[in-house]
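The values are calculated or read from the model by the stated rules, or taken from the named source; none is laboratory data. The model shown is predicted, which means the values in this text are computed figures rather than measured ones. When we count neighbours, we look across all protein chains shown, and the Cβ atoms used for this are built from the backbone with ideal geometry, even at glycine.
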Amino acid sequence: MTPQHLLVPTDFSVHADAALDHAVLLADRFDATLHLLHVVNDPGAGLYGLGDAEVQIDRLRKEAEAKARERLDDMAPDPGVVEVRSAVAQRPNLDVADAIQEYVAGHPIDFVVMGTHGRRGLGRLVLGSVANRLIRRTACPVLTVRKKGEDGGEVPSVEYENLLAPIDFSDHSRTALGLCKEIAGRYRATQHLLFIAEKRVLPTFSDTGIPGVGVVEMDPEIVANAEGALEQLDRTMGGPEVASAYHVEKGDVAQVIIDFAEMNEIDLIVMATRGLTGIDRFVLGSNTERVVRAAPCPVLTVPPSPDEEA
């Protein structure tokens, strides 16, 4: 998939600004159109019989929309760099995720780029919950970006030199790898394919019925052949020619991904929202959720393709 339309939902927070930085560069590399969307809350006072209040709310709503459009114009990059389209949506009950999904459904959006958190406080949008809902429900990839210098750390780079694609050899991870290769090709980056031999802790029962726990490790033969399988998968995937490295690690899936990203200065993780277990994408896999929350770099989550859903 070659991204042609990128959507940045914004609440004008520093988290959304960080997402915009990534989206602008991606749009430039792919010669894609950048869509900016802001959702204005409408409390709908008419629902409670407050007619006079509704008149005032209607005025404030129009003023808020006009101000939002003005701010979108201010934050938009130079049209000479990327094509930009902006929109403001009115949405009752702070149902922002639905408004974003409606925009995605009505436009040829290839993926959404957004911050992992938003404004906080009474009546403010918290983008964290919105990001989670979009990853769970939206039929296109979602790139989540932490704000600049969050938690006192270094400012995340918007240049991608090293990309990480966790692979479990499912069709879902193959789809994610295809997108990873497209991005790596545009950035002339190195892609790292990572297979994790997961150790599973399972309940056990003795002859007396006393419960316990046991650790089940992956078949050593599978682990020994994994690096060669990663290289073969990469060769058969097609797509642009990119520098690639193949890695096999043991341990907890999410933690290994997070630790690998930190130790190898990964700039972007591209991973599927589903794996070999085939968990319904409306229930975000625990590994994906943990990586999105704790990764030291942006994470691009890739949902199953329509063929994989069938």
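Would you mind finding the one in ASP234, ASP307, ASP267, ASP259 that is acidic (Asp, Glu) and at pLDDT below 85?
After applying the criteria, what remains is ASP307.
Please count how many residues of the stretch 217-265 are in a helix (DSSP H, G or I), in contact with a helix residue (DSSP H, G or I) (Cβ under 6 Å, 6 or more places away or on another chain) and free of Cβ contacts under 8 Å to residues at least 60 places away in the same chain. If you could, list the steps in order and put the result at the bottom.
Kept after step one, since they are in a helix (DSSP H, G or I), are these residues of the stretch 217-265: 220-236, 253-263.
Filter again for in contact with a helix residue (DSSP H, G or I) (Cβ under 6 Å, 6 or more places away or on another chain), leaving 253-254, 257-258.
Filter again for free of Cβ contacts under 8 Å to residues at least 60 places away in the same chain, leaving 254, 258.
Qualifying residue count for the region: 2.
Given the condition among the β-branched types (Val, Ile, Thr), at pLDDT 90 or above, under 17 Å from THR175 (Cα atoms) and outside any loop (DSSP other than H, G, I, E, B), answer yes or no: does some residue in the stretch 277-290 qualify? Walk me through it before giving the result.
Going through the stretch 277-290, the residues among the β-branched types (Val, Ile, Thr) turn out to be 277, 279, 283, 288.
Adding the requirement that they be at pLDDT 90 or above leaves none.
The answer is no, given that none of the residues of the stretch 277-290 is among the β-branched types (Val, Ile, Thr), at pLDDT 90 or above, under 17 Å from THR175 (Cα atoms) and outside any loop (DSSP other than H, G, I, E, B).
Checking the structure you have, find out if any residue of the stretch 98-119 is modelled with pLDDT under 90, assigned to a loop (DSSP other than H, G, I, E, B) and under 14 Å from the mean Cα position of the chain (by Cα).
Yes, because at least one residue in the stretch 98-119 is modelled with pLDDT under 90, assigned to a loop (DSSP other than H, G, I, E, B) and under 14 Å from the mean Cα position of the chain (by Cα).
Within the bounds of the stretch 68-84, is there any residue that is at pLDDT 85 or above and on the phi > 0 side of the Ramachandran plot?
No; the residues of the stretch 68-84 include none that is at pLDDT 85 or above and on the phi > 0 side of the Ramachandran plot.
Checking VAL248 against (1) crowded, with 20+ Cβ neighbours inside 10 Å; (2) β-branched (Val, Ile, Thr); (3) in contact with a strand residue (DSSP E or B) (Cβ under 8 Å, 6 or more places away or on another chain), which single condition isn't satisfied?
(1)
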